[in-house]
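Visitor: Here it is, the structure, as structure tokens.
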Amino acid sequence: MEQLLEKMKVLLATNFAFYLKLHFFHWNVTGPNFPQYHKFFEKLYEDVWEASDGIAEHIRALKGFAPGSFSRFSEMSTIKDQIDVIPAEQMISNAYYDNDRVIEALMAALKLAEQYDEQGLANFLQDRIDTHKKHAWMLRSTMS
Ligand SMILES: [Fe+2]
């Protein structure tokens, strides 16, 4: 169970880092397609933001405590922090790459949830994988 909790904490941190980056892109994207990009990043960050709560509450249901500080999140996240504002096209490819990191974290947690026969959690993780595959499709289709 410790292993599953650890994977769930990595997932929470990675998901949160992805959320923050998407919101950062939403704020700072520029260029002739600004309205579309601005709106697109908003749709993405809203979904990823909402998922954080479900992930954290599953950690509590497993009798663990959910991390919730910048320092713990940056230690555990598999997503590279984005400091500089970059061109819109790079934001999209960056988000596509990071979305894959979230899928990896979800898959790692799912494998252990199934091993421990945590069916409710496995369902939740499968739904999230499905949603992130759709995000991948949209991000890929936006790349030139
Ligand atoms: Fe906004």
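Visitor: Calculate, for residue 143 and residue 111, the FRET efficiency according to 1/(1 + (r/R0)^6) with r their C-beta to C-beta distance and R0 41 Å; round to the nearest 0.05.
Guide: About 0.90, to the nearest 0.05.
Visitor: In nm², what is the average projected area of the convex hull enclosing the Cα atoms of the stretch 90-144? Walk me through the intermediate numbers first.
Guide: Values: hull surface 13.5 nm².
Result: a mean projected hull area of 3.4 nm².
Visitor: Next question. Is the stretch 57-121 rounded, prolate or oblate when judged by the Cα gyration tensor, a ≥ b ≥ c being the square roots of its eigenvalues, rounded requiring a/c under 1.5 and prolate requiring a/b larger than b/c?
Guide: Because a/c hits 1.5 or more and a/b fails to exceed b/c, the stretch 57-121 counts as oblate.
Visitor: What is the log10 of I(q)/I(0) for the chain, computed with the Debye formula using one identical point scatterer on each Cα and no solvent, at q = 0.18 Å⁻¹?
Guide: Taken in order of the listed q values, log10 I(q)/I(0) reads -0.97.
Visitor: Angle between the Cα long axis of helix 88-115 and the longest principal axis of the chain, 0 to 90 degrees, nearest 10?
Guide: Long axis of 88-115 versus the principal axis of the chain: about 10 degrees.
Visitor: A further question on this structure: In the chain, what is the count of Lys pairs whose alpha carbons are under 22 Å apart, counting only pairs at least 8 residues apart or on separate chains?
Guide: 25
FYI, it's all coordinate maths here, none of it is from the lab. The shown structure was predicted, so the numbers you read here are calculated from the model rather than taken from an experiment. Note that we place each Cβ from the backbone using ideal geometry, even for glycine, and neighbour counts take in every protein chain shown.
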